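Below: the structure, in structure tokens.
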Amino acid sequence: MYQSDPPLDPKTVLPTMYDLPSEDIQEAGLPDEYHSFQPQLLRETFQPPHYPENRIFVASDLNLYYDVRHPLWYKRPDWFAVLGVDRFYEQRELRMSYVTWQEGVNPFIGVELLSPGTEREDLGQTLREANQPPTKWEVYEQVLRVPYYIVFDRYTNQLQAFQLVGSRYAGLDVSEARVWIDEIQLGLGLWQGTYQGIERLWLRWYDVQGNWILTPEERIAERVEKERRRAERLAEQLRALGVEPDFEEE
């Protein structure tokens, strides 16, 4: 990378997210509903206990620009999270893309949901062609050096996890369909359940006790159930005193 002396502010001399948005009418878009629902579940359950909500940025299907020498090159992760960066661009705006040389913080973890057309590249099994951008695996491993990379194949329900060790990704043990990430005190695993009305295996986050992190909808349902049980206990206590409870809805 070439630099002037003194260095110039990258926000004034290099493309910003306004010049490099994710929206592109030439792109085909998301392949199916699963690629909408699964990242949404990851977003809703990604709650690192030691990071405030306003210092975490999570995105899916958003252009990730990574090379200042080739500012139009980008990858489009199915889901990724950045820690220690403001939730909003310059503390005020929703991002149209994530431009690493503007943000100054690279993603901490990336997740790819395998599709037949992208499987080989997602798993680092393709070679870079001459005069072409690096592969997704190369960008995550060698350019951005993303500490954790997760790959899930929903067709075979196979989970793979990689951690950056030195200059290369090393596979992690996922024999129990779970992987613990100590730096954020969260784990990622396969959960059998119903989300968005669909019963299947889903990727979701769990806490240090091994409990699945609840979605906002699940937290509301849990509070409602606690209130119901509390009302039942109160009714039983009143009946024991010879008083018939009358809980009329207002």
- Query: If the viscosity is 1.002 mPa s and the temperature 20 °C, what translational diffusion coefficient in µm²/s does Stokes-Einstein give for region 147-250 when Rh comes from Kirkwood over Cα pairs?
  - Reply: 124 µm²/s
- Query: With Cβ to Cβ distances under 15 Å as the rule, what net charge do the other residues near TRP180 carry (K, R +1; D, E -1)?
  - Reply: -3
- Task: Can you tell me the 0 to 90 degree angle between the C-alpha axis of helix 34-45 and the longest principal axis of the chain, rounded to 10?
- Result: 70 degrees
- Message: Cross-link candidates for LYS75: which lysines have Cα within less than 18 Å, leaving aside residues fewer than 8 places away along the same chain?
- Response: LYS136
- Tilt, helix 216-240 to longest principal axis of the chain (alpha-carbon atoms), in degrees rounded to tens, equals 10 degrees
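Values quoted throughout were computed directly from the atomic coordinates according to the rules given, and no laboratory measurement underlies them. Please read these numbers as outputs of a predicted model, since none were measured by experiment. Heads up, the Cβs are rebuilt from the backbone with ideal geometry, glycines too, and the neighbour counts pull from every protein chain shown.
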